[in-house]
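The values are calculated or read from the model by the stated rules, or taken from the named source; none is laboratory data. Remember, predicted model here, so these are calculated numbers, not experimental data. Cβ atoms come from the backbone with ideal geometry, glycine included; neighbour counts cover every protein chain shown. Heads up: the accessible areas ignore ligands, DNA and RNA and are worked out on the full protein's heavy atoms, side chains in. Shrake-Rupley method; radii C 1.70, N 1.55, O 1.52, S 1.80 Å.
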Amino acid sequence: MAGTRQDGGSMNIDFHYGVIYLLGRLAGLEKPDAETVAHACQYVDDSTVSGVLEFEGGESYERFASAHKMFDYMNIDNTSDKRIWAPFHFLPAGEGSTLEDKSVCKPDSTIAREMVTHAIDSRGAENALHRLGITLHVYIDTWAHQNFSGTISDHNVVRSLSSDDVTHETWLGKLKQSLDDVVHTAQTGFLDHVVKLGHGAALYFPDQPWAKWEYENGHGLKFKRDNLLIFMEAADMAYRAIKGFHSGDSAYAQQAGLPPDVSAALATLLGSNRSADPVERLQVLTRAFASGSVPGFAEDIPAYVSKGSGSWKDLATGITDADADGDRLPTWCERFEQSDYRKFHDAIKEHRFVVTQLILPRHGVRLA
């Protein structure tokens with residue numbers, strides 16, 4: 001979450017794209033495949049357009065957004081929130097006796113491992129790389145978003161928060177300023193409501209790799225977090241998942257983890273790269289990776305284009321409008337059918353179905 005943007009929150013582009021590309025290459029993927037996986041992993045946060053794409057010949061194609069454009073406080077209790085946030089950003093762990101407790105996200109949960117296994121078992125599909133990228137996004141977010149929920153819940157209320165360099169009072173001021181930026185007025189009723197959704201009340205703390213912080217939630221539970229340790233565990237398991245995918249081994253957790261020298265180098269980079277701007281952090285990582293800062297890897301990371309000219313949508317449809325479909329209807333053709341854009345959106349729909357209709361109900365969670 002940066003500034004007033006609220007799209008479910010998640011590890012930022014430096015991890016979802018930069019680190020995942022690195023892990024993909026180290027795990028044995030060829031450059032184009034590693035780029036596709038990393039792009040899909042990050043694109044989960046950038047794919048904000050839902051609905052039917054109409055073509056000039058009358059053909060149509062349905063999409064399902066995996067992120068929100070902006071925090072919509074008028075529809076804060078809309079069921080679309082949990083339909084997006086739970087399967088893509090706050091995967092429920094299915095632990096506890098109530099739906100509220102079962103909806104809480106936990107790192108590397110049984111549900112999360114079933115999700116990864118399903119993606120590996122589907123590695124023969126034409127969009128398997130896109131499915132893997134989406135799955136990795138959700139998987140590593142189970143570490144970043146642990147103890148928060150994709151539903152409106154007191155587990156998301158933050159009564160107090162402090163870190164190495166932020167006091168409770170400073171955090172409270174930043175939270176009110178963030179909400180002021182969105183709604184222009186921090187009405188008490190709205191504040192009480194908004195802090196029950198996602199990790200909005202925790203601001204950017206869950207997403208910064210170096211942050212050490214602690215907080216108390218709405219149930220009076222206290223948590224202390226060292227993000228670097230958490231993020232490195234996520235990187236290690238994501239590496240194993242990619243190796244499992246690459247080799248066709250659905251028992252991916254039994255794969256060897258990151259080599260110690262690679263893990264140490266990556267931890268040093270993540271811990272020292274402290275810009276508040278995730279894009280700047282990605283640029284720092286890109287330069288470091290290219291210069292050989294991580295053993296066994298020295299290459300440029302391909303540029304990531306989320307929207308507009310050169311984006312997956314543009315390459316598939318010719319539409320460069322950043323936030324909509326534009327005025328001119330595209331032509332349906334083989335280019336669209338073979339595009340990363342179409343394969344990604346099919347993977348989004350497939351992932352959502354598998355998580356919400358197959359896996360979650362088996363664990364007593366029905367959200368969509």
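Tell me, which residue of the range 310-324 that is charged (D, E, K, R) and open to solvent by 40 Å² or more (accessible area, probe 1.4 Å) is nearest to ASP46 (Cα to Cα)?
Residue satisfying both the conditions and the ranking: ASP323.
Any idea how many residues of the range 267-304 are among the polar types (S, T, N, Q), closer than 20 Å to ASP236 by Cβ and surrounded by 13 or more Cβ atoms within 10 Å (Cβ to Cβ)?
So the answer is 3.
What is the one condition in (1) modelled with pLDDT of 95 or more; (2) assigned to a loop (DSSP other than H, G, I, E, B); (3) buried (at least 17 other Cβ atoms within 10 Å of the Cβ) that PHE231 does not satisfy?
PHE231 satisfies every listed condition except (2).
Looking at the range 317-331, which of its residues are among the aliphatic types (A, V, I, L, M) and either in contact with a strand residue (DSSP E or B) (Cβ under 7 Å, 6 or more places away or on another chain) or over 12 Å from LYS307 (Cβ atoms) (or both)?
LEU329
Test each condition in (1) at pLDDT 95 or above; (2) closer than 18 Å to PHE64 by Cα; (3) crowded, with 16+ Cβ neighbours inside 10 Å for LYS307 and report the one that comes out false.
(1)
Scan the range 61-72 for residues that are loosely packed, with under 15 Cβ neighbours inside 10 Å and modelled with pLDDT under 50 and jot them down.
MET70, ASP72
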